[in-house]
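Scroll down for the structure; my scribbles are underneath it.
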Amino acid sequence: MDTNQYMDMFLDESHEHLQSLNDGLLSLEDNMEDTSVVNEIFRNAHTLKGMSATMGYNKIAELTHEMEDVLDLIRKEQLKLNEDIIDTLFKCVDSLGQMIDSVGNGESEDVVDVSDLVKKLSSISKPDKAGAAAPAAPAAADAKASAAAPTIELSDVDKDVIKQAAETGLQAIHIKVTLADTCLLKSARSYMVMNALDELGDVIKSVPSAEDLEQEKFDHSFDVVLITASEEKAVQDAVNSISEISKVETNVIKLDEEKKAAPAAPAAKAAAPAPVKKAAAPAPAKKAAAPAKKVHHSQSVRVDIEKLDTLMNLMGELVINKVRLEQIGQTHRLADLTETLEQMDRVTTDLQNIVMKVRMVPVSSVFNRFPRMVRDIAKELNKEINLTIEGEETELDRTVIDEIGDPIMHLLRNSCDHGVEEPDEREAKGKPRAGEVGLIARHEGNNVVIMVTDDGAGIDAAKIRAKAVEKGMVTQEEADKMDDAEAVRLIFLPGFSTADHISDISGRGVGMDVVRSKIEALSGHVDVETKIDEGSVFKIKLPLTLAIIQAMLVKVQEEMYAIPLGSIDSTINIQEDEIKTVQNKEVIVLRGEIIPIIRMEKMLQVPHVKDSDETFVVVVHTGDAKAGIVVDNLIGQQEIVIKTLGSLFTGLKMFSGATVLGDGRVALILDVATMMQ
Amino acid sequence: MANTENNNVTTEENLQVVAFKLRNEEYGVSILNVQEIRNLTDITRVPFAQDFIKGVINLRGSVLPVIDLKERLGLEQTPYTQDTRIVTVTVGDLHVGMLVDAVTEVLTLTAKPIDAKKAVNGKELTQFLSGIGNIDGRLIIMLNLEEIIGLPKEGK
């Protein structure tokens, strides 16, 4: 089978499943008793196995199969979960990730040697199997011999559900359905049976599982346990009304009998190394419901981001043409046309909003990989760290989302490594042993703010000053003049690292300046607040979207340029003689502040057409530095759609892109940071 | 691929060519590379770009770089006229507009174009040419688009 066309789908879905596996394992690690999570993990592993086997990736399938074996035992409470098992499972997920990535790169899945993991897994699951299977078999045989009616093995959870049902007057019926030998579409028949039974009550269990039934992984018969108010007869009739069914056997399950049967196989239970038997499952009803009906996901469609970009472009084109139509309507005084265009205007505005919204992705798609990372770091450093994530539903433009992962990862690593202290040290300071690291996203006006917080040691401004002077980044006097907040910001300078020792996790001297440049490349801003022994807060401020921004349009001679509003402080109209020179550099004095100016006409070598009568200065800033950009005219503030200039202009840092104006012309967008350098 | 087609003009028979004029000479590119032919519109100058890059235009909402072919081929400049056109071409995944003096017609070259290196005495400019087609004495200079558009190496 040619599976290439399914490759993308396979990769997408397996990444999703890996993510759920990671999430599941993490929450399982927190609460080892929670078997509902085990079910979820099991299902993920199972789906992954099925998918990879279909795609012909046998190693992935083999590994997931072994995982499944272990998980199944845990699920059936025949194996007690411990940290070792969880660590092994985590390692499996990592290896799976590597294999899937390499498959995605068109390489073989053999990059990772999984034989050790497979062995480890089977050593976890096998002794169990060997011990449990042998005595279980005769017990099952006994049961079959003693009762003519069909039997089904019930777990403690199932029994709980049945017991509860009995209390409310419902009864549990075990149904064994045998399909006709000639039946071709077994899965369809089984589906019809399940549907029919669903109408009568709740199906709490089926052997084989519903998934296996769907995939025809059974011979000609299957077992179902139904909780219902109907009589046995009614159930039989319902099933018999479906064609191609050769036999239906039913049997009301009486728990008393089960109880009697249970002591009959004490050897089997004792043989299992560490059976966990919980007195009462925390939420049996909920658990029972879970396998019966599938979890409902909101409906969604995967769309290539390029298609969205095209949609966006078409949208822009539509708006431009609409403006032209409006102009025609005005020049020819066509009232009808103007009216229609007003309607159209509303529609296009809505359309534009929706297209923009479609591009928005919740930050959880980036955040969800961090719990795992923080856990690993904490283990490696022998620290105790709790990560709290807030506001993961906050949405950002897709282009931003793709880029912020690395900077956030960097900040989190820093917080874990340099921020949070060793547990003993924390205790000595009177803090809880476990450090708190927070990752918070929220809206703030037209921006999204992402904060990485920790309750660790904080950043010592004195240390930073000393280090910066030692490295020759600032002079001693400069350092002395700085207040603490300014001094702490020195960590964002290139080549600064305060870690006394270099660790694997952070402190390679390429830390914060990389974070800053990355964030600034996204037209964002990063800042830090810190208090010794109370912790630090790193605050990243990002624009909601990179695709559409507010900008000021300015005119230089006959050319039009856009300056992002985010970097504009103010605009002023000045007289030529207000421009002074300091050491041959032109400056203006604005409210007591000396601001260097940049003449756009000279800087961009704009062809001189006419002398302008007026001079406007747009005061811009990056970080703390300010500059005044001299232009001939201010056209106004406008929402602009950013387009890339394309690969022909790589290396041209002066412009962050271009935009199409209402009249169809193209204006370049100034990159203020580059311009000021 | 469209661009390999262009490279292998010498091996192609019955090659369809969009022919256009630069000054008095007739040039051509494979029709497979050509997207559309547009009238001259406002070109926004891009400061600091290479000399032969005239600027950018708005092509149905997206921004398209425009190169001046005459400048690129080292030909003398002439003013824009009524006939001046922008031929938009695709090479690999790059879309570029090319300014030409006039578009003449779509031709079919039946005979193999002559190797440009043989025809023009090994001058530097031959890197931009891929061959010369001959239709009853009418010479069509075939362009090597990849070299012409070739990503700027010297970048400023």
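The values are calculated or read from the model by the stated rules, or taken from the named source; none is laboratory data. Everything quoted here is computed from the prediction, not taken from an experiment. Methodologically, a virtual Cβ is constructed for each residue, glycine included, from the backbone with ideal geometry; neighbour enumeration extends over all protein chains shown. Quick note on the areas: whole protein, heavy atoms, side chains included, nothing else; ligands and nucleic acids left out. Shrake-Rupley method; radii C 1.70, N 1.55, O 1.52, S 1.80 Å.
Spin-label model, A:T674/A:T349: points 7 Å from Cα along the beta carbon direction are separated by 3.5 nm. At a threshold of 50 Å², the residues of the range A:310-344 that become less accessible to a 1.4 Å probe in the full protein assembly than in their chain on its own are A:E317. Could you look at the range A:177-224 and say what percent of its accessible area is carbon and sulfur, using a 1.4 Å probe and all protein chains? Carbon and sulfur: 51 percent of the exposed surface of the range A:177-224. For A:I598, which sequence-distant residues (separation of 5 or more, or a different chain) have an amide H within less than 5 Å of its own amide H, given hydrogens modelled in the peptide plane? Here A:G628, A:I629, A:V630 satisfy the definition. Calculated over the range A:297-450, the projected area of the Cα convex hull averaged across directions stands at 13.1 nm². Between B:E71 and A:I242, the simple label model (points 7 Å from Cα in the Cβ direction) yields a spacing of 7.4 nm.
When the accessible areas of A alone and B alone are added and the area of the pair subtracted, with a 1.4 Å probe, the result is around 2000 Å², both sides summed. Name the residues of the range A:441-471 whose amide N is less than 19 Å from a point 7 angstrom out from the Cα of A:D624 along the C-beta direction? Once the point is set 7 Å along Cα→Cβ of A:D624, A:459-471 turn out to lie under 19 Å by backbone N, inside the range A:441-471. The calculated FRET efficiency for B:I114 paired with A:L308, based on their beta-carbon distance and R0 = 41 Å, is about 0.30. For the peptides B:131-138, A:625-632, the ranking by packing is A:625-632, B:131-138, with the highest mean count of neighbouring Cβ atoms within 10 Å listed first. Taking packing as the residue-averaged number of other Cβ atoms within 10 angstrom, the listed peptides A:476-483, A:19-26, A:634-641 run from highest to lowest as A:19-26, A:634-641, A:476-483.
Once the partner protein chains are put back, the range B:28-46 shows a loss of at least 10 square angstrom of accessible area, versus the chain by itself, at B:D42, B:T44, B:R45, B:V46 (probe 1.4 Å, ligands and nucleic acids excluded).
Per residue, chain A reaches -14500 deg cm²/dmol at 222 nm when only DSSP H runs of four or more residues are counted, each adding -39500 (n - 2.57). Counted as membrane-span-like here are DSSP H helices of chain A whose alpha-carbon atoms extend 15 Å or more along the helix's own axis and whose Kyte-Doolittle mean is -0.5 or above; these are A:7-30, A:35-55, A:58-75, A:83-104, A:115-146, A:186-200, A:305-331, A:335-358, A:370-381, A:398-414. Taking the range A:519-537 and a reference point 7 angstrom along Cα→Cβ of A:S365, no backbone N atom is nearer than 11 Å.
Here is the list for the range B:31-84: trypsin sites (Lys or Arg not before Pro) lying in DSSP coil, each with at most 15 other C-beta atoms within 10 angstrom of its C-beta, are B:R60. In plain terms, the chain from A:E211 to A:A188 could stretch by 7.0 nm, reckoned as 0.36 nm per residue minus the Cα-Cα distance.
List the pairs from A:K467/A:K531; A:K205/A:K233; A:K481/A:K541; A:K59/A:K91; A:K80/A:K120; A:K429/A:K531 whose alpha-carbon separation is above 23 Å, in the order I gave them.
Violating the 23 Å limit, Cα to Cα: A:K481/A:K541.
For A:S102 and A:M9, the FRET efficiency from 1/(1 + (r/R0)^6), where r spans their Cβ atoms and R0 equals 22 Å, is about 0.80.
On the beta carbon distance between B:F48 and A:T340, with R0 = 30 Å, the FRET formula returns roughly 0.10. Of A:D613, A:D8, A:D406, the residue with the largest accessible area leads and the full order is A:D613, A:D8, A:D406 (1.4 Å probe). Below 11 angstrom from the Cβ of A:D613, what's the summed charge of the other residues (Lys, Arg +1; Asp, Glu -1)? Computed value for this residue: -3.
On a per residue basis, chain A carries 52 Å² of accessible surface, using protein heavy atoms and a 1.4 Å probe.
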